[in-house]
Structures are given as structure tokens and as C-alpha cells.
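Asks: Take a look at the following structure, please.
The values are calculated or read from the model by the stated rules, or taken from the named source; none is laboratory data. None of the values given here were measured: they were computed from a predicted structure. Quick reminder, even Gly has a Cβ in these numbers, built from the backbone with ideal geometry, and neighbours come from all protein chains shown. Remember, those area values only see protein heavy atoms, side chains included, never the ligands or the DNA or RNA. Shrake-Rupley method; radii C 1.70, N 1.55, O 1.52, S 1.80 Å.
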Amino acid sequence: RVLGMVCSGRKGGYTATLLAEMLSGAASVEGVETQTIYVSNHQFSPCISCFDCIRNPDHTCVLDDAFGRRGEGPLFKKVREANGLVIASPVHNYGVSAIAHLVVERCYPFVWSDELNGMPFAGIVCASNQGMHLRALEELCKFAYTLGTRWIDGLAVHTSFYQTALLKARVMGKRLAEAASVDETEGRKRFSDVERMLYYMPLPWNPLDWMMENLKMIDR
């Protein structure tokens with residue numbers, strides 16, 4: 001099960017089309033099912049920092065919306081059931097969209113349940129005008145790290161090179177689907193904290209500098 005989440009308000013735009021091509025590539029892998037969710041169709045609010053997902057042993061959200069309802073919210077359930085996840089976002093203000101931020105924010109209970117640890121993940125960002133798609137992809141990679149997922153691939157696109165990007169998206173979809181198939185048949189390969197750090201160091205977002213800066217602040 002590969003879940004694609006369109007974090008754009010436009011349903012037939014550049015970003016959604018890139019995701020569709022990627023999921024087409026994923027569906028070409030035998031045994032793989034794909035689903036597209038247009039996140040803007042669902043109602044959910046920002047995290048209210050109540051910490052109930054930390055205190056409660058089931059590590060689900062208490063809010064009455066698509067990411068809450070004690071694990072019964074439709075978006076929460078879809079993420080939980082997936083073997084592979086791809087977030088696709090347009091580039092807004094040199095980064096990912098507010099919708100993409102909100103999706104990751106509401107996945108916070110999974111940090112405590114550890115259910116997404118090692119789940120295959122891919123990111124798509126699409127820019128026009130000023131670009132900054134590489135910076136936006138770094139941001140998605142950072143989000144993938146914080147959730148404990150396993151970054152498989154990422155695609156940073158400027159619309160000037162859109163046709164080439166569609167071909168790359170299809171290939172990336174196959175890679176994600178193959179990893180998702182392993183996740184289903186062999187079980188999820190979870191990271192230790194050290195393994196996750198080492199895995200991400202050569203990727204678009206390197207956690208080492210951030211962690212060292214944080215430790216220095218504590219040391220002071």
C-alpha cells in the first residue's frame with residue numbers, strides 16, 4: 001500500500017500530476033496498491049499541544065477531526081496502514097506548503113508510537129518563478145527524519161523542466177513501491193537512533209549540524 005498525499009489546493013496542477021505519474025510507476029510493481037489523497041478535501045486543525053498523544057498509551061490524537069478521533073480519523077488511519085508514503089507539495093515562500101507542514105505536524109503521535117519508524121518515504125516538490133525547490137526538498141527530508149521514516153528518494157522540480165521530471169517521477173515511484181513491498185512482506189526495518197542519523201547524513205537534509213548545535217546549547 002503506497003499512499004500519496006497531495007498538499008496543494010489545486011487538484012489538477014503540476015504537483016498533483018507529478019504525484020499521479022509517480023503512483024503510476026508504483027502501481028506497475030506487482031502486488032502494490034496505490035491511493036491518492038487530496039489533503040485539502042479533509043478537515044483538520046493544527047496541533048494544540050495538549051500532549052494527550054504522549055500521555056495516552058495508544059499514542060493517538062484526541063481532536064475530533066480527520067487526523068484525530070483516537071486513531072479513527074480517516075487520514076490518521078490511512079497513514080498508519082500504509083507501507084510507503086509520498087508527500088507532494090508545491091513550493092511556497094522558499095519551502096513546502098502550509099498544508100504539508102500541517103500534515104507532518106499532525107503525524108506527531110507517530111513519533112511516540114514509533115509506528116512509522118523505517119516506513120519507506122518519498123518527497124516531491126514543484127516550483128515555478130523563483131524556484132527554491134532544492135530547499136523545499138530539504139524541508140521534506142527533515143520532516144521524514146523527524147517521523148523516523150526511511151527516505152527512499154526525492155524529486156525537486158522546476159516547471160521549466162517539467163517533462164523530464166515526469167519521467168523521473170515514474171522511476172521514483174517504482175523504487176518506492178519496491179521498498180513498500182519489502183516493508184509488507186519482510187516486516188518494517190526499524191532504525192535505532194544512531195542508524196537513522198547515519199542513514200540521513202548523505203541525504204538532502206543532514207541532521208548532524210542541527211543536532212550538534214542543539215547539544216552545544218544544552219552544554220552552555
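Asks: Give the separation of the Cα centroids, region 137-175 to region 191-214, in Å.
Replies: 19
Asks: Oh, and also: Which order do the peptides 205-217, 11-23 come out in when sorted by mean C-beta neighbours inside 10 angstrom, highest first?
Replies: 11-23, 205-217
Asks: What part of the accessible area of region 1-104, given as a whole %, is carbon or sulfur when the probe is 1.4 angstrom?
Replies: 50
Asks: Take the eigenvalues of the Cα gyration tensor for region 110-220, scale each by 5, and report the square roots as semi-axes in whole Å, largest first.
Replies: 26, 22, 9
Asks: Can you tell me the dipole magnitude for region 1-78 around its Cα centre, using point charges on the Cβ only (Lys, Arg +1; Asp, Glu -1), in Debye to the nearest 20?
Replies: That gives region 1-78 a dipole magnitude of about 120 debye.
Asks: To the nearest 20 debye, what is the magnitude of the charge dipole of the chain about its Cα centre, counting +1 on the Cβ of each Lys and Arg and -1 on the Cβ of each Asp and Glu?
Replies: 360
Asks: Taking a point 7 angstrom from the Cα of Arg69 along the C-beta vector, which residues in region 77-102 have backbone N less than 19 Å away?
Replies: Residues 77-82 qualify, since their backbone N sits under 19 Å from the label point.
Asks: I would also like to ask the following. Please compute the per residue accessible area over the chain with all protein chains in place, 1.4 Å probe, rounded to a whole number of Å².
Replies: On a per-residue basis, 50 Å².
Asks: So, R0 is 30 Å and r is the distance between the beta-carbons of Thr185 and Val62; what FRET efficiency does that work out to, to 0.05?
Replies: About 0.30, to the nearest 0.05.
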